[in-house]
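The values are calculated or read from the model by the stated rules, or taken from the named source; none is laboratory data. Because the structure is predicted, anything quoted here is derived from the model rather than measured. Cβ atoms come from the backbone with ideal geometry, glycine included; neighbour counts cover every protein chain shown.
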Amino acid sequence: MSRVVLCLLALCVASGISDPVEHNATPPTIADANFLQKQIDLLTLYFHVGEPLQDRNLKSIAESWNIERNIEKYNNATAVEIYSKLIDYGMNLPRSVPFSIMEPSHQFEAVTLFNLLLSAKDYSTLYKTAVHLRDTINEGLFVYVLAVVTVHHPETQGIVVPPLYEVFPSYYHTGEVMNIAQRINTHGKRLVEHYPQTFVWEDNVVIRWNTTVWPYLENSDVSASYYSQDYALNTLYYNNHLTYPFWLSGKSGPLIKYRRGEYFWFFNKQILTHYYMERLSNGLSEIPNLGLEVVEDGFNSGLVYQNGIPFPVRPEHFNLDQPQYLEVIEKINTYERRLKDAIELGHVISSTGEKIDLRTPEAINVIGNLIEGNVDSPNLNYYGSIINLWKYLLGNSITHGHVYKKNHVPLVVPSVLENYQTCLWDPAFFMIWKRTLNFFTLWSSYLPKYKVEELDLPSVIIKKVEVDKLVTYFEQTYLNVTNALYLNEREGKVWEDEVSVLVQRPQLNNKVFTVRVTVKNEVAKKVVVRFFLAPKYDSKGYEIPLHQNTDNIFQLDQFVYDLPVGEHVIKRESTGNMYTIDNWYSSYEVYQKAVNALNGKGEFVVDMKQFFDGYPRRLMIPKGRVGGMPYLLFVYISEYLPPDTPYGQGVNPDQTFGIGTGARRMTAYPLEFPFDRPLYQYQIEKINNMHVQDVQIYHKPTPEIYVP
């Protein structure tokens with residue numbers, strides 16, 4: 001496997017030192033030999049996935065395993081038959097071309113393969129099938145399906161899926177970076193001095209990312225691109241899709257998708273509001289409104305697919321009033337009108353003609369499913385998928401048309417918007433979501449405002465909130481791109497890279513901070529403590545009224561706490577947020593630990609506190625400004641209401657994904673409560689269990705690190 005520097009690429013997850021209620025106090029699980037072998041097996045399949053298998057044992061399995069002859073080893077015989085026909089008739093996506101889950105024919109093949117692998121009756125069948133598929137199907141499709149199956153299959157719970165930025169680096173680094181890496185791979189270290197963008201560090205060749213960004217400095221939001229193009233944030237967005245694929249039903253199947261529509265709203269709103277605060281930190285304007293005539297902001301990512309095809313570019317002043325776009329625009333107009341009509345009427349019409357009430361708080365789940373256009377939408381054909389249509393239109397991939405393999409399989413060039421691992425790069429993504437959130441805002445406007453008694457916790461008075469100085473800074477990180485570089489003859493024989501190539505790039509981080517909440521309490525009880533952050537002023541310097549600022553609320557933290565009687569200080573460190581992570585483990589570190597543990601050298605702890613869909617802890621707060629930038633910190637304490645599915649029931653979230661079971665929901669409250677509906681100043685002035693604190697976020701410059 002690729003050699004990397006562990007001290008840089010393998011950071012351990014920091015544990016919280018605050019004192020909230022521990023939901024799950026079970027001891028850590030030490031992986032047994034069976035688990036270790038699974039981990040090694042599956043990680044190996046990602047190694048140089050763009051090249052044919054060269055390991056003799058794996059080649060033997062791939063060549064000898066016949067899916068159709070072993071049909072009795074799968075629970076889904078239909079999936080076996082469909083897959084066999086796809087192969088027999090040449091209707092499968094060829095290798096070395098871009099894969100897009102949004103392209104219907106690609107999606108059909110992906111769903112077929114998922115059903116095939118998921119129906120494997122035992123791990124042996126699952127593994128042999130995966131080995132066989134690795135060299136048979138498109139490599140992008142293979143990585144996608146294998147990851148979704150690993151997350152959802154009961155035999156692979158707890159198995160670490162390698163981060164996509166290690167598997168397919170070309171989704172995270174421009175074509176110039178990958179071109180330099182290929183030259184280094186050919187020449188080794190002997191010509192490094194001829195490449196001014198590189199240097200040798202220990203046993204690695206390092207490419208300076210900031211020397212390659214100059215062609216793309218005209219992108220409209222380049223000063224906030226450290227957030228929108230952050231490798232961990234984009235991987236999180238991709239992982240979240242793998243967790244809740246729009247094509248996988250939440251009504252049945254491997255894991256019930258608990259309130260997936262509500263989570264779809266919450267997750268994307270969190271990303272959007274944080275991006276807005278980053279824009280304000282850099283003196284940018286409001287996120288532009290999206291219309292159907294001209295999109296002023298163009299975008300050129302500089303990304304190139306592994307086969308050398310560049311990603312589509314959207315020019316400046318992009319005119320949508322063109323013949324090739326009319327059909328898509330008409331669909332967007334129709335679906336948006338239908339959705340708005342449904343919200344205003346107070347019900348949607350299901351595919352069976354049933355009226356579904358939208359005048360309840362729980363209906364946010366229906367609205368979310370409608371807007372995403374997932375398979376749980378009450379009427380997918382009628383309401384469509386607004387988000388995907390906008391991505392298709394603004395990504396400008398339409399103009400590339402389709403070329404068909406044997407007149408069956410479309411070969412496409414997806415834009416950054418059409419890839420979950422890159423869609424945040426394009427400022428149009430945030431324009432789309434700003435427009436989309438208007439539907440949620442319209443829906444919530446028909447709900448009754450929260451009554452004071454619904455918000456109040458009479459026995460609790462927040463007397464004071466103290467926050468450490470909030471400081472952000474840039475630091476260098478190093479990403480390994482070696483998996484995208486082709487093995488030479490010598491490397492192929494030993495199945496190992498001779499040269500490791502790293503990319504040095506800046507990333508935003510923040511100093512660990514503590515929030516101290518002084519509380520006076522009359523009755524001992526279990527409560528939920530929430531921290532929210534919001535901008536105080538808009539881009540023009542006007543203070544934002546609370547009921548409008550509801551759209552800009554970012555939830556910093558939420559935890560359950562046993563609050564004693566009397567005056568008490570709740571102390572919470574920023575590292576305590578259970579839904580955040582420092583870094584995902586590098587695949588090399590996981591592989592080495594598993595191999596060592598299997599050989600009796602140390603232990604391998606199954607550590608799913610490193611959530612597959614964890615938010616990067618270093619991006620908890622926006623950049624701020626050198627002289628300080630004002631924000632509002634909301635501290636809210638409410639009664640604890642247990643969720644419908646108690647946290648950890650039937651699944652240990654520390655040791656398995658538990659995704660979609662509902663067993664990771666902390667409380668029964670709506671997500672982002674009480675800001676899930678517009679909140680007015682007069683409402684919070686009447687309660688003592690909410691406190692609004694002015695805070696400043698300072699940015700500490702690092703002169704030696706260049707950030708556009």
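When you look at residue 498, is it charged (D, E, K, R), modelled with pLDDT under 95 and out of contact with any His (no Cβ under 8 Å at 6 or more places or on another chain), yes or no?
Yes, satisfied.
If you take the residues of segment 101-134 that are polar (S, T, N, Q) and closer than 23 Å to residue 249 by Cα, which of them is nearest to the chain's Cα centre (by Cα)?
That would be 107.
Does residue 98 satisfy being in contact (Cβ under 8 Å) with a residue 60 or more places away in the chain, in contact with a Pro (Cβ under 8 Å, 6 or more places away or on another chain) and either more than 17 Å from residue 248 (Cα to Cα) or part of a helix (DSSP H, G or I) (or both)?
yes
So which of 481, 499, 460, 465 ends up being within 25 Å of residue 207 (Cβ to Cβ), surrounded by 18 or more Cβ atoms within 10 Å (Cβ to Cβ), over 27 Å from the mean Cα position of the chain (by Cα) and not acidic (Asp, Glu)?
None of the others qualify; the one that does is 499.
Within segment 377-398, identify whether any single residue is more than 25 Å from residue 260 (Cβ to Cβ), surrounded by fewer than 19 Cβ atoms within 10 Å (Cβ to Cβ) and either aromatic (Phe, Trp, Tyr) or modelled with pLDDT under 95 (or both), and answer yes or no.
Checked against the condition, which is being more than 25 Å from residue 260 (Cβ to Cβ), surrounded by fewer than 19 Cβ atoms within 10 Å (Cβ to Cβ) and either aromatic (Phe, Trp, Tyr) or modelled with pLDDT under 95 (or both), segment 377-398 yields at least one hit.
Quick check: anything in segment 399-411 over 18 Å from the mean Cα position of the chain (by Cα), assigned to a helix (DSSP H, G or I) and of a type outside the set (S, T, N, Q)?
Yes, because at least one residue in segment 399-411 is over 18 Å from the mean Cα position of the chain (by Cα), assigned to a helix (DSSP H, G or I) and of a type outside the set (S, T, N, Q).
For segment 211-220, does any single residue satisfy the condition of being more than 18 Å from residue 302 (Cβ to Cβ), among the aliphatic types (A, V, I, L, M) and surrounded by fewer than 20 Cβ atoms within 10 Å (Cβ to Cβ)?
Within segment 211-220, none of the residues are more than 18 Å from residue 302 (Cβ to Cβ), among the aliphatic types (A, V, I, L, M) and surrounded by fewer than 20 Cβ atoms within 10 Å (Cβ to Cβ).
Given the criterion among the aromatic types (Phe, Trp, Tyr), under 22 Å from residue 550 (Cβ atoms), in contact with a helix residue (DSSP H, G or I) (Cβ under 9 Å, 6 or more places away or on another chain) and in contact (Cβ under 8 Å) with a residue 40 or more places away in the chain, identify the matching residue among 246, 264.
Just one listed residue meets the conditions, 264.
Looking only at segment 177-205, how many residues end up being crowded, with 18+ Cβ neighbours inside 10 Å, closer than 23 Å to residue 490 by Cβ and touching a residue at least 24 places away in the same chain (Cβ under 8 Å)?
So the count comes out to 7.
Out of the residues in segment 50-90 that are at pLDDT below 95, part of a loop (DSSP other than H, G, I, E, B) and over 20 Å from residue 144 (Cα atoms), state the one that is farthest from the chain's Cα centre (by Cα).
Per the criteria, the residue is 89.
Just checking, does segment 582-603 include any residue being under 30 Å from residue 667 (Cα atoms), among the β-branched types (Val, Ile, Thr) and crowded, with 19+ Cβ neighbours inside 10 Å?
no
Looking for whichever is over 24 Å from residue 345 (Cβ atoms) and part of a helix (DSSP H, G or I) here; the options are 443, 433, 390. Which one fits?
Answer to the check: 433.
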